[in-house]
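Comments concern the structure below.
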Amino acid sequence: MSTKPPDPEPDATADLEPGGGVPPGGTPPDSGQTSGLSHPQPMPSKAVPVTTLVVVAILTLMVAALIFALAFGWLGV
C-alpha cells in the first residue's frame, strides 16, 4: 500500500500559481480517483409511496364528497 497522498504536492507542481490557480493555457495536475461502489445499493421499497398515494386519494375523495353533500343539502346541516 502506498503512503503517498492521491493529490500531487502543490509545491512541486509546475504551472501552479500561489493559491492553487492555474495560468491560462496551463493544465491542472491529475488527482487520484476512486470510482465504483463497494457493494450493490439496495432497491427502495415501492410499498410506502403507493400506500401514501392511495390514502391521499381516498381522503381527497371523502372531502370532495362531503363538500358536494353540503352543497346540495343532503346532510341536513
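The values are calculated or read from the model by the stated rules, or taken from the named source; none is laboratory data. Worth saying up front: this structure is predicted, and the values here are computed from it rather than measured. Reconstructed Cβ throughout: ideal geometry from the backbone, glycine too, with neighbour counts over all protein chains shown. In case anyone asks, the SASA skips ligands and DNA or RNA and just uses the protein heavy atoms, side chains included. Shrake-Rupley method; radii C 1.70, N 1.55, O 1.52, S 1.80 Å.
What are the residues in the range 61-77 that are outside any loop (DSSP other than H, G, I, E, B) and open to solvent by less than 100 Å² (accessible area, probe 1.4 Å), if any?
Our first condition is that a residue be outside any loop (DSSP other than H, G, I, E, B); within the range 61-77, this holds for 61-71.
Of everything in the range 61-77, those that are outside any loop (DSSP other than H, G, I, E, B) and open to solvent by less than 100 Å² (accessible area, probe 1.4 Å) turn out to be Val63, Ala64, Ala65, Leu66, Ala69, Leu70, Ala71.
Within the range 48-77, residues that are modelled with pLDDT under 95 reach partners that are surrounded by 10 or more Cβ atoms within 10 Å (Cβ to Cβ) and part of a helix (DSSP H, G or I) with beta carbons closer than 7 Å, at six or more positions or on different chains, in the pairs Leu75/Ala69; Val77/Leu70.
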